[in-house]
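What follows is a short report on a single structure.
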Amino acid sequence: MRREEIYLVDLWHVFRREWLWMLAALVLAGAAAWTFTHTAKRQWEASAWIQIGQVGVTPQGQDPKIEPLQRVLERLQMASFQNDVLASLKIPLNSPEAGLYRKSVKLEPLPYAGPMVKVNFRAYSPDEARQLAEATVAWLHAVHAPLQAHAMTWAQQRVRQVDDDLRAARAERAQLASAATDRVSAGVSTVVLSTRNEEIRVLEALRSDLEGKLGSAYTFETSLAWPVYVPEHPVFPNVVLSWGMALLLGLALGACLMSARDAMRRRRLAALSVAMR
């Protein structure tokens, strides 16, 4: 057996001699984990699902969303926008609460769900986390309100234009129907009436489509898709993760201490052996 090789039985002998150092390392790591989990300031995380508002009636080729998804993501990360949200809750901009809010913002775009944006915020209490989430959505709604009002103005003008065209077509049809006095005029009127009837059917279908697109299914304001979710337990400090890391660090530290103690013992034995010769 080559002496420079390390075998499991040697490790077991080292552990039997120096196990107190492993125990001390585990106790030290456990004490550190307990202190950290009981003294660190608790943080709660709120999750909000923001549905971006839209107007169903828009110029051809234009996105019905009040603001494109990517621009909404950029806006939510702007310092000026976040400062406005904090100011709406009367939270000082240089406070720890404001700093935690800014650095904890996490955005998850959901382009195939509306589109929507999932936003996570952290705060030092569950109520504050919920208030920050709701205030963020409320401020985004306030920013989008004038944009939606402008889009709605165009949509209503479009509806009025279709209504005017429809009234004019119906009036012309009624005039043609009463103007036919002879066989020739009746034949011409029939052709024109047929054209006007088709035009009226197209306009009525368009008017019905516009009404549907201005309904709540296609036209709505920026708002929360679902209520804000805040878990009962804080997300920081993570007790399970903290104790797991403490266990690993304790084992690693204990192994290092046992190895160091065993190496010192071997050097002392070697020196004593040389002195006795």
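The residues on offer are Gln148, Gln175, Gln156, Gln161, and the sole one that is in contact with a Gly (Cβ under 7 Å, 6 or more places away or on another chain) and farther than 30 Å from Arg42 by Cβ is Gln148.
Selection of first residues in region 38-54 that are on the phi < 0 side of the Ramachandran plot and of second residues that are among the polar types (S, T, N, Q), restricted to Cβ pairs under 6 Å at least 6 apart or on distinct chains, gives the following pairs, ordered by first then second residue: Glu45/Asn120; Ser47/Asn120; Gln51/Ser223; Ile52/Thr222; Gly53/Gln148; Gly53/Thr222.
The set of residues in region 51-65 that are under 14 Å from Leu214 (Cα atoms) and of a type in the set (Val, Ile, Thr) comprises Val55, Val57, Thr58. For region 214-257, which positions are modelled with pLDDT of 90 or more and not in a loop (DSSP other than H, G, I, E, B)? Residues satisfying the conditions are Phe220, Ser223, Leu224, Tyr229.
The condition (being more than 30 Å from Asp209 (Cα to Cα) and assigned to a strand (DSSP E or B)) is satisfied by just one residue among Ala46, Ala24: Ala46.
The values are calculated or read from the model by the stated rules, or taken from the named source; none is laboratory data. These numbers come from a predicted model, not from an experiment. We place every Cβ from the backbone using ideal geometry, glycine too, and count neighbours over all the protein chains shown.
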